[in-house]
Amino acid sequence: MKKNTIIMLGGFIIAGAIVFLLMAATPGSSGVELTLKDLIATQNQHKDDFVTVEGLLIEDSIKWNPDKIELKFDVKDNEGNLMHVIHHGTKPDNFAEGVITILQGAPTEKDTFVAETVKTRCPSKYEGKDIKEYDPATHKDKLNKTPQEK
């Protein structure tokens with residue numbers, strides 16, 4: 001073989017290995033995102049999938065075992081669907097009633113989800129003001145102020 005052919009072949013092998021490693025290192029990109037209702041209805045079909053699902057935390061259900069570093073809790077959706085969650089890892093800081101939990105992992109037994117990651121977000125942070133209370137004059141005044149006046 002010519003030297004250029006060997007170099008090109010080596011380059012393709014290296015590029016292929018890099019692409020393979022990137023895909024293997026990011027399981028979330030190859031996963032499935034489902035609503036809680038859909039996950040419960042099709043749980044058996046997704047046992048081997050990396051699933052992302054979110055639900056509202058039920059505070060009374062939280063069971064934290066610091067010795068095992070195990071967190072068990074329940075989440076629900078707006079339609080009343082309920083899922084039990086097991087997470088082997090630390091408890092998020094703002095773990096309280098009404099917090100939206102974003103779970104990534106796999107369903108196991110009926111209505112049970114083993115989460116590799118548990119993230120939370122407070123819905124009030126992302127809600128806008130009521131449009132009926134919007135005052136365009138106030139908004140205009142704020143835009144016209146100089147940085148020193150603000």
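Here is how the numbers come out for the structure above:
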read-out	value
Two-site FRET efficiency, ASP60 against GLU33, from Cβ-Cβ distance with R₀ of 35 Å, rounded to 0.05	0.80
For the range 32-122, average projected area of the Cα convex hull in nm²	5.3
Under 5 Å, built H, 5+ apart or other chain: amide partners of GLU59	GLU97, GLY98
Span per principal axis, largest first, for the Cα atoms of the range 12-63 (Å)	54, 24, 15
Within the range 32-122: Cβ-based charge dipole about Cα centre, in debye rounded to nearest 20 (Lys, Arg +1; Asp, Glu -1)	140
Nearest-0.05 FRET efficiency for LYS119 and ALA41, computed from C-beta distance (R0 22 Å)	0.40
3J(HN,Hα) from dihedral phi, the range 58-68, Karplus parametrisation 6.51/-1.76/1.60, rounded to Hz, x for glycine, proline	9, 4, 5, 8, 5, 10, 9, 10, x, 5, 8
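Here, each number is a calculation from the coordinates, and none is a lab measurement. Fair warning: this is a prediction, and the values are worked out from it, not measured in the lab. Using ideal geometry, Cβ is built from the backbone for each residue, glycine included, and neighbour counts are taken over all protein chains shown.
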